[in-house]
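Chemist: Sending over a structure as structure tokens; questions will come in a sec.
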Amino acid sequence: MARLGVNIDHVATLRQARGGHEPDPVAAAVLADLGGADGLVVHLREDRRHIQERDLTRLRDVVPSSLNLEMAAEEAIAAIALRVRPDAVTLVPERRQELTTEGGLAVAGHEDRLAPFVGRLRDAGIPVSLFIDPDPAHVRAAGRVGADAVELHTGPYANSRRPDIDRAFDALREGAALARQLGLGVHAGHGLTYHNIRRLTAITDIVEFNIGHSILARAVLVGLERAVRDMRACIPFTAGR
Ligand code: PXP
């Protein structure tokens with residue numbers, strides 16, 4: 001059975017939209033844990049558009065399962081990771097203008113820069129995963145730079161239809177098999193939904209799925225009726241107008 005990591009960045013996005021205190025990603029983390037999440041995932045972006053450094057410190061204190069920090073391979077964020085000590089780190093590419101992480105990390109051709117970066121986190125006892133496209137060149141390079149795991153980018157699979165979806169699925173299956181052969185842990189994520197996850201669970205080399213948007217989108221809808229009821233109950237009925 002594979003693990004489920006729940007990405008709660010969107011909770012912080014909603015909070016930042018008003019600049020106040022709610023909804024609190026720490027409360028979301030506790031609820032996700034109660035719901036059976038095997039771990040929590042947050043992305044501390046360079047532009048701090050959702051998760052803040054303070055959230056990370058608070059999450060470190062309360063997350064009882066596993067805290068996975070997604071981050072760019074940049075010195076300033078590495079210093080924070082080394083201070084907060086998440087249970088795992090996932091290195092992702094990051095561009096300010098993107099809506100969400102778009103492509104996988106270019107590992108092949110960047111081994112000289114990535115190997116010492118990965119090494120420093122691992123020496124501090126933090127396992128490192130690399131978010132990559134399921135391209136054999138990047139999978140092999142992930143092995144060469146000493147990563148513990150790869151997270152295969154499922155975006156192209158999630159966003160395509162037949163026959164492209166079959167090619168995207170095959171690429172994930174083959175990428176997962178190669179990564180496992182190389183002794184790397186195999187994770188997968190991006191764009192996964194309650195529908196497209198089913199087929200992927202047949203790839204038994206994948207030991208962890210990291211999912212955010214779809215879970216938070218469902219939470220808004222399944223929680224809305226109760227939230228309106230609760231507000232309705234706060235407002236006394238008045239007779240007439
Ligand atoms: N994995 C990685 C590396 C990501 O960057 C993201 C998006 O933050 C996810 C998984 C989750 O993607 P989604 O929100 O589409 O489920």
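Chemist: Please list 3J(HN,Hα) in residue order for the range 220-237, calculated via the Karplus relation 6.51 cos²θ - 1.76 cosθ + 1.60 where θ = phi - 60°; whole Hz, with x for glycine and proline.
Modeler: 4, 6, 6, x, 5, 4, 5, 5, 5, 3, 5, 6, 4, 5, 7, 10, x, 6
Chemist: For the range 91-199, what does the alpha-carbon gyration tensor say about shape, rounded, prolate or oblate, given a ≥ b ≥ c as the root eigenvalues, a/c under 1.5 as rounded, and a/b over b/c as prolate? Can you show the working numbers first?
Modeler: On the way: a/c = 2.01, a/b = 1.56, b/c = 1.28.
Prolate, since a/c reaches 1.5 and a/b exceeds b/c.
Chemist: Given the DSSP H assignment, sum -39500 (n - 2.57) over each helix run of at least 4 residues in the chain and divide by its residue total; what's the result at 222 nm in deg cm²/dmol, nearest 500?
Modeler: Taking each H run of at least 4 residues, the total per residue is -14000 deg cm²/dmol.
Chemist: Show me, for the range 122-130, the HN-Hα J-couplings you get by feeding each phi into the Karplus relation (A = 6.51, B = -1.76, C = 1.60, θ = phi - 60°), rounded to Hz, glycine and proline as x.
Modeler: 5, 4, 7, x, 9, x, 10, 10, 10
Chemist: Applying the Karplus parametrisation 6.51 cos²θ - 1.76 cosθ + 1.60 with θ = phi - 60° to the phi angles of the range 165-181, what ³J(HN,Hα) value in whole Hz is obtained for each residue in order, glycine and proline being reported as x?
Modeler: Each residue of the range 165-181 in turn: 4, 5, 5, 5, 5, 4, 4, 5, 4, 5, x, 5, 5, 5, 4, 5, 4 Hz.
Chemist: At 1.4 Å probe size, with no ligands or nucleic acids counted, give the accessible surface of Asp61 in Å², nearest ten.
Modeler: Taking all protein chains as shown, Asp61 has close to 130 Å².
Chemist: Okay, next question. Could you state the principal axis extents of the C-alpha atoms in the range 30-149, from the largest down, to the nearest angstrom?
Modeler: Between the extreme Cα coordinates on each principal axis of the range 30-149 lie 40, 32, 27 Å.
Chemist: Taking only protein heavy atoms into account and a 1.4 Å probe, give the accessible area per residue of the chain in Å².
Modeler: Ligands and nucleic acids excluded, the result is 54 Å² per residue.
Chemist: Return the carbon/sulfur percentage of the accessible area of the range 1-79, one whole number, probe 1.4 Å, all protein chains in place.
Modeler: 53
Chemist: While we're here: Give me the net charge of Pro64's neighbourhood, meaning all other residues with Cβ under 12 Å from the Cβ of Pro64; Lys, Arg count +1, Asp, Glu -1.
Modeler: Once all neighbours under 12 Å are counted, the net charge is -3.
Chemist: Now, a different point. For a quick check: with amide H placed at 1.01 Å from N, whose amide H comes under 5 Å from Asn210's, ignoring anything fewer than 5 positions away on the same chain?
Modeler: Excluding prolines and chain starts, which carry no amide H, the hits are Gly5, Ala188, Gly189, His190.
Chemist: Give the longest segment of the chain that steers clear of chymotrypsin sites (Phe, Trp or Tyr not before Pro) in DSSP loops with at most 15 neighbouring Cβ atoms within 10 Å, not counting the sites themselves.
Modeler: 1-193
Chemist: Please identify every one of the trypsin sites (Lys or Arg not before Pro) in the range 137-181 that sits in a loop by DSSP and has no more than 12 other beta carbons within 10 Å of its own beta carbon. Before the final figure, lay out the partial values.
Modeler: Working: sites: Arg140, Arg144, Arg161, Arg167, Arg173, Arg180; in loops: Arg161.
Qualifying residues, ordered by number: Arg161.
Chemist: Expressed as an acute angle from 0 to 90° and rounded to the nearest 10, what is the orientation of the C-alpha long axis of helix 53-62 relative to the principal long axis of the chain?
Modeler: Taking the Cα atoms of the chain, the angle to 53-62 is about 90 degrees.
The values are calculated or read from the model by the stated rules, or taken from the named source; none is laboratory data. Since we're looking at a predicted model, the values are computed, not measured. No Cβ is skipped: glycine too gets one built from the backbone with ideal geometry, and neighbour counts run over all protein chains shown. Side chains are part of the model used for accessible areas, which takes the heavy atoms of the whole protein and leaves out ligands, DNA and RNA. Shrake-Rupley method; radii C 1.70, N 1.55, O 1.52, S 1.80 Å.
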